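*Asks:* My questions all concern the structure below.
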Amino acid sequence: MTALAWRLTRLGGRGALLSTGLTALAVAVATLLLQFAVASNFAFAERAERTEWRDPAAAETGSALFASAVDFYGGDEITRVDLASLDGDAPVPPGLEAFPAPGEVWVSPALAALLDGVPEEDFIDRYEGRIAGVLGREALAHDGEMLAVVGREADSPAMTVERTNMDMVSPRAIDGFDEGEPSMVSGFYRMVAVLATVLMAVPVSVFGAAAARLTVARRDERLATLRLIGATPGQVVRLTLIETVLAAVAGSVAGTALWMASTPLFARIPIDGGPWYVADLWGGAPWMAAVAAAVPVLVALSAVVGLRSVVISPLGVARRVRPKGLKAVRLLVFAVAAVAFLVVSQMLGGGGMLAAAIALMLFAATIAALNLLGPWVVQQLGKLLANTARGPARMLAARRLTDDPKAAWRAVSGVVLAGFIAGSVALFPMFQSDTDPAATETVTATVAGEDAEARAAEARAALEGLAEVELIERENDLDPARSESAVSATTSGADVEHVRSILTATLAGDPPEREVDNTLMSNRLVESVRVGVTVVLSVVFATAAVSAGISAIGSVLDRRKTYRLLHLSGTPQRVLDQARRQETILPLAFLGGASVLCGMGLTSPLIGVMGLDVSGVVILVVTLTVGTAAVIGAGAASRPLLRSVMNDVSPRPD
Amino acid sequence: MSAPMLTAKGLRKHYGTAVALGGVDFAVAGGESVAVTGPSGSGKSTLLHCLAGVLRPDEGEVRLFDERIDALSERERSELRRTRFAFLFQFGQLLPELPAEENVALPLMLGGTPRRKALGPARERLRQLGLAGKEDRRPGELSGGEAQRVALARALVVDPAVVFADEPTGALDRATGDQVMGVLLDTVAGLGAALVVVTHDPLVAARCTRTVEIRDGLLRHGGDLVSSGAAEAGR
């Protein structure tokens with residue numbers, strides 16, 4: 001059977017090889033993207049795991065003291081780890097060869113580069129030590145990370161003063177770095193990565209069906225012949241499946257190989273302030289094999305489903321009857337799901353894993369219901385346009401939409417989903433982040449309320465003549481009962497890093513910040529989310545473009561006889577091209593536009609408060625424009641095929 | 001016989017080394033129906049395609065009234081095929097997703113007529129061909145004979161000068177085929193148009209006013225070899 005299938009493919013002529021090749025190509029692209037989506041999760045996990053040592057488990061009687069803090073220099077955030085040995089048996093932290101001695105500062109390569117040429121008083125003095133060496137990558141999330149590991153005396157203030165900021169670890173005794181907590185922000189990234197994977201995987205898997213359908217389109221006539229000479233429906237299905245699976249295996253292998261070869265390129269996508277180690281993307285290597293094996297199976301499954309709907313009678317005529325009207329109940333299902341999601345997620349508020357799980361399930365249900373709603377909307381749109389069409393192209397496009405709204409929806413669903421995400425996220429504003437020093441700068445450090453006066457006096461003495469020091473009463477946002485004060489120092493912009501160095505050394509605990517500094521973290525988050533959104537949008541659009549291209553080719557092959565005869569009767573190709581273009585553009589513009597607006601509507605209250613961010617608008621407009629152009633361009637790629645099909649008049653057997 | 005509408009002189013067409021037409025003269029007048037018969041591969045379809053301006057002959061000329069159509073550009077020939085000629089094929093010429101009336105209206109719409117205006121004559125043609133009440137059906141919901149009559153309605157909706165039919169009854173049973181052939185001959189004659197039918201079927205050929213046979217790219221009328229090109233271009 002396999003031999004026969006292969007022979008049929010090989011002898012099927014250019015057309016058969018074309019559609020088999022296209023199937024393989026589509027599967028290769030899908031596999032590549034799927035591998036990327038899956039690997040991204042492992043990459044985030046690898047990063048999280050590598051940085052867990054920075055929040056190590058506390059020990060009753062430890063061999064070392066551990067604390068961490070976040071320092072600022074200009075527009076950069078520097079994570080600092082303070083370490084002090086309690087006995088001779090202190091554990092060696094990752095990225096170092098020995099436990100750092102007091103006064104030793106080990107820096108990440110990026111920090112070393114940043115500090116190159118910076119006067120000691122402007123930065124390194126705040127650590128009361130000197131640079132002893134460069135940290136290995138085992139200590140780092142990525143090459144762009146700014147990290148300093150500082151060796152201290154066990155009784156130095158840095159090892160005793162509590163930190164109040166949630167991103168910092170207060171001094172604690174530890175006896176090893178093997179057990180630690182992943183940082184909060186890494187948890188956020190991993191959750192977003194799962195969401196992004198789902199968003200990318202959905203359109204990618206829709207691919208399989210389209211690709212399988214393409215093989216079937218080319219085979220209709222020949223399969224009918226096989227039925228005529230007595231092949232059972234089962235055999236016909238098997239023959240088609242073998243061909244499709246052969247193509248899918250080839251595509252899956254090629255896609256995986258392409259992924260392996262291109263990991264260094266994908267590793268350059270900067271998330272959370274830096275690019276990836278290529279090894280991170282290989283974190284899930286066993287899963288890579290699993291994905292490669294699963295893709296042909298998924299393609300085979302969707303081919304079976306696709307074949308079921310193409311009833312191949314021995315006469316080969318998949319007869320077209322009046323399209324089944326899709327029921328308006330689809331609208332109701334969607335409305336119920338969406339309202340349930342909105343109401344329940346409001347009611348649950350912020351509390352707990354269970355609430356999050358329920359909200360996530362309802363969100364998934366809403367997305368699923370959107371897949372029910374989409375074809376219905378496409379069909380309504382088609383009906384409306386068919387009744388108002390004046391010219392032939394619009395009429396043909398509209399009838400096609402009414403006839404097979406699911407196919408049209410498949411082509412645009414990814415873009416619609418992406419549009420919604422892009423609309424809601426891309427416009428999320430970045431905070432003001434001009435980190436260049438102004439003429440006058442004020443840095444503020446939080447201190448415990450009890451000894452605030454004494455600390456302020458120390459600061460005043462240390463900064464004598466350099467800065468104006470003030471003590472400010474402040475309420476702790478999280479814990480109002482806790483007494484807290486802040487010491488602020490006002491100085492000229494030129495001296496701000498010098499002042500910061502002195503203040504950091506003097507007031508151990510939370511390092512001093514400018515007001516603009518605390519936007520750095522959220523900006524990095526928004527920036528990362530935007531990069532992520534752009535990546536997801538690119539993937540979704542790439543998928544949409546390839547699947548638009550494939551379904552256009554499939555539909556040309558499907559109708560090649562009719563197209564040929566229309567050409568004989570004098571129909572210009574221009575009209576057919578127009579009709580085919582409108583078939584994609586009309587639902588794309590209508591549904592894609594609606595989804596972007598919906599997404600924007602969802603976040604507009606927030607944006608209204610914080611003001612519109614132009615860079616977000618630019619990202620949104622550029623991705624949507626490029627993506628739409630890609631989808632339309634891919635559809636247009638079948639024009640040469642249409643031309644050759646239309647002009648294929650002779651010689652042919654009578 | 002009135003003055004010919006469509007004339008061809010010395011048509012030659014090669015595919016590689018294979019000769020499809022070896023020098024053919026042909027003429028058909030308004031109100032006349034000509035059956036082109038011959039075995040498979042004899043060049044029937046090639047002749048039809050050359051006459052209809054689908055293919056350009058390697059040599060020779062084709063005229064509609066006095067206009068040379070083989071010399072026109074692809075675009076002009078397309079328009080000619082859409083406005084002056086009409087085509088009827090064995091099957092498969094209807095767009096499956098369009099209802100019957102829109103299939104018929106399509107040539108008018110391609111010519112720039114708005115849909116609402118084009119639907120009027122389309123429905124009228126369907127009614128004349130006995131398809132009243134079925135305007136809204138899709139091709140898949142029609143019988144073979146009905147679908148062929150819809151195709152005929154579409155062919156005639158532009159009031160063509162010449163109708164080309166390629167095995168128009170090939171996919172139909174004898175009774176339905178007879179019926180469709182009768183409607184075809186009657187309506188074309190009623191329009192005063194010329195009809196060229198390519199067929200295998202001697203019964204179809206017998207109903208036409210004239211029959212020509214093509215063999216190995218050369219035309220015979222009632223057994224006589226007639227070829228303007230054969231004498232001088234035999235080598």
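Here, each number is a calculation from the coordinates, and none is a lab measurement. Note that this is a predicted model, so its numbers are computed, not measured. Cβ: placed from backbone, ideal geometry, glycine included. Neighbour counts: every protein chain shown.
*Asks:* Return the single residue from B:R116, B:R12, B:R82 with maximal mean-square fluctuation; model: Gaussian network over chain B, springs between Cα atoms under 10 Å.
*Replies:* Largest GNM mean-square fluctuation: B:R116.
*Asks:* Please work out whether the protein assembly as shown counts as rounded, prolate or oblate from its C-alpha gyration tensor, where a ≥ b ≥ c are the square roots of the eigenvalues and a/c under 1.5 means rounded, while otherwise a/b larger than b/c means prolate and anything else oblate? It would help to have the intermediate numbers written out before the result.
*Replies:* Numbers: a/c = 3.27, a/b = 2.90, b/c = 1.13.
It is prolate, given that a/c is not under 1.5 and a/b is the larger ratio.
*Asks:* Taking the C-alpha atoms of region B:38-156, how large are the radius of gyration and the largest Cα-Cα span, Dmax, in Å?
*Replies:* So, for region B:38-156, Rg and Dmax equal 16.2, 48 Å respectively.
*Asks:* How large is the translational diffusion coefficient of region A:85-139 in µm² per second when you combine the Kirkwood radius over alpha carbon pairs with Stokes-Einstein at 37 °C and 0.692 mPa s? Spell out each step's value before the answer.
*Replies:* Details: Rh = 12.2 Å.
Value of D from the Cα-based Kirkwood radius: 270 µm²/s.
*Asks:* Tell me the relative contact order for region A:440-517 as a rounded percent, counting alpha carbon contacts under 8 Å between residues six or more apart.
*Replies:* Numbers: 137 pairs, mean separation 35.1, N = 78.
Taking the mean separation of contacting Cα pairs over the length of region A:440-517, I get 45 percent.
*Asks:* Let me ask something else about it. How large are Rg and Dmax for region A:440-517 when only the alpha carbon atoms are used, in Å?
*Replies:* Cα only, region A:440-517: 11.9, 38 Å (Rg, Dmax).
*Asks:* Still on this structure, I have one more. Show me the three semi-axes of the equivalent ellipsoid for region A:56-180, from the C-alpha gyration tensor (sqrt of 5 times each eigenvalue), largest first, rounded to whole Å. Could you put the intermediate results ahead of the total?
*Replies:* Numbers: eigenvalues 100, 46, 40 Å².
That gives 22, 15, 14 Å for the three semi-axes.
*Asks:* Still on this model: In nanometres, what is the gap between the two model label sites at A:A293 and A:K406, each 7 Å from Cα along Cα-to-Cβ?
*Replies:* Here the modelled spin labels are 3.1 nm apart.
*Asks:* Can you list residues from other chains, or at least 5 along the same chain, whose modelled amide H is less than 5 Å from the amide H of B:V198?
*Replies:* B:V36, B:A165, B:D166, B:E167
*Asks:* What is the mean number of Cβ atoms from other protein chains located within 10 Å of the Cβ atom of each residue in peptide A:566-579, rounded to a whole number?
*Replies:* On the way: counts 8, 3, 13, 19, 18, 6, 6, 2, 2, 3, 0, 0, 0, 0.
Mean number of neighbouring Cβ atoms from other chains: 6.
*Asks:* Which whole-Hz ³J(HN,Hα) couplings does region B:115-124 yield from phi under the Karplus relation 6.51 cos²θ - 1.76 cosθ + 1.60, θ = phi - 60°, glycine and proline marked x?
*Replies:* 4, 4, 6, 6, 5, x, x, 4, 5, 4
*Asks:* State, as an integer percentage, the relative contact order of region A:56-180 based on alpha-carbon contacts under 8 Å between residues 6 or more apart.
*Replies:* Numbers: 272 pairs, mean separation 52.8, N = 125.
Dividing the mean separation by the residue count of region A:56-180 yields 42 percent.
*Asks:* Could you count how many Lys pairs in the protein assembly as shown have their Cα atoms under 20 Å apart, skipping same-chain pairs fewer than 8 positions apart?
*Replies:* 12
*Asks:* Exposure proxy check: A:S488, A:S302, A:S19, A:S615 ranked by fewest other beta carbons within 10 Å?
*Replies:* On the way: A:S488 18, A:S302 21, A:S19 26, A:S615 14.
So the residues, fewest neighbours to most, are A:S615, A:S488, A:S302, A:S19.
*Asks:* Here is a follow-up. For A:V621 and B:R56, FRET efficiency with R0 = 51 Å and r from the beta-carbon atoms, rounded to 0.05?
*Replies:* Details: r = 48 Å, r/R0 = 0.95.
The computed FRET efficiency comes out at 0.60.
*Asks:* Another one. Might you report the magnitude of the Cβ-based charge dipole of the protein assembly as shown about its Cα centre, with Lys and Arg at +1 and Asp and Glu at -1, to the nearest 20 debye? Numbers along the way, then the final one.
*Replies:* On the way: 82 positive and 95 negative charges, 1942 e Å.
Dipole magnitude for the protein assembly as shown comes out near 9320 debye.
*Asks:* Per-residue Cβ counts within 10 Å, from other chains only, averaged over B:112-123: what number is that? Working shown, then result.
*Replies:* Working: counts 3, 3, 3, 9, 3, 1, 3, 0, 0, 0, 0, 0.
Across B:112-123, the average partner-chain Cβ count within 10 Å equals 2.
*Asks:* I'd like the Karplus ³J(HN,Hα) series for region A:587-594: coefficients 6.51, -1.76, 1.60, θ = phi - 60°, whole numbers in Hz, and an x wherever there's a Gly or Pro.
*Replies:* x, 5, 5, 5, 6, x, x, 4
*Asks:* Still on this model: State the dimensionless ratio Rg/Rh of region A:529-589 (Rg: radius of gyration of Cα atoms; Rh: Kirkwood radius). Before the final figure, lay out each step's value.
*Replies:* On the way: Rg = 16.0 Å, Rh = 13.6 Å.
Radius of gyration over Kirkwood radius for region A:529-589 works out to 1.18.
*Asks:* Would you mind checking which residues have amide H under 5 Å from A:A59's amide H? H placed 1.01 Å from N; only 5 or more apart, or other chain.
*Replies:* Counting only residues 5 or more places away or on other chains, the set is A:A173, A:I174, A:D175.
*Asks:* Order of A:T31, A:T197 from fewest to most other C-beta atoms within 10 Å? Numbers along the way, then the final one.
*Replies:* Values: A:T31 29, A:T197 19.
Going from sparsest to densest Cβ surroundings: A:T197, A:T31.
*Asks:* How big is the charge dipole of region B:83-164 about its Cα centre, in debye rounded to the nearest 20, if each Lys and Arg gets +1 on its Cβ and each Asp and Glu gets -1 on its Cβ?
*Replies:* That gives region B:83-164 a dipole magnitude of about 180 debye.
*Asks:* Taking each residue in B:91-103, count the Cβ atoms of any other chain within 10 Å of its Cβ, then average. What number comes out?
*Replies:* Details: counts 3, 7, 7, 4, 10, 11, 14, 8, 3, 0, 0, 6, 0.
For this peptide, the per-residue mean of nearby foreign Cβ atoms is 6.
*Asks:* For a Förster distance of 30 Å, can you work out the FRET efficiency between the beta-carbons of A:C598 and A:N387, rounded to the nearest 0.05?
*Replies:* Values: r = 26 Å, r/R0 = 0.88.
E between A:C598 and A:N387, to the nearest 0.05, is 0.70.
*Asks:* Could you give the dipole magnitude of region B:1-65 about its Cα centre, charging the beta-carbon of Lys and Arg +1 and that of Asp and Glu -1, in debye to the nearest 20?
*Replies:* 100
*Asks:* Sticking with this structure for a sec: So how do A:L65, A:L17 line up by other beta-carbon neighbours within 10 Å, fewest first? Please report the intermediate quantities before stating the final value.
*Replies:* On the way: A:L65 23, A:L17 14.
Fewest-to-most Cβ neighbours within 10 Å comes out as A:L17, A:L65.
*Asks:* Quick one: what are the phi-derived ³J(HN,Hα) couplings along region A:72-80, Karplus 6.51/-1.76/1.60 with θ = phi - 60°, whole Hz, x for glycine and proline?
*Replies:* Residue by residue, region A:72-80 yields 10, 9, x, x, 10, 9, 10, 7, 10 Hz.
*Asks:* Calculate, for A:R574 and A:V343, the FRET efficiency according to 1/(1 + (r/R0)^6) with r their C-beta to C-beta distance and R0 41 Å; round to the nearest 0.05.
*Replies:* That pair, A:R574 with A:V343, gives E of 0.20.
*Asks:* Is region A:325-395 best put as rounded, prolate or oblate by its Cα gyration tensor, with a ≥ b ≥ c the root eigenvalues, rounded for a/c under 1.5, and otherwise prolate when a/b is larger than b/c, oblate when not? Don't skip to the end; give the middle numbers.
*Replies:* Details: a/c = 4.16, a/b = 3.80, b/c = 1.10.
Note, shape of region A:325-395 comes out prolate.
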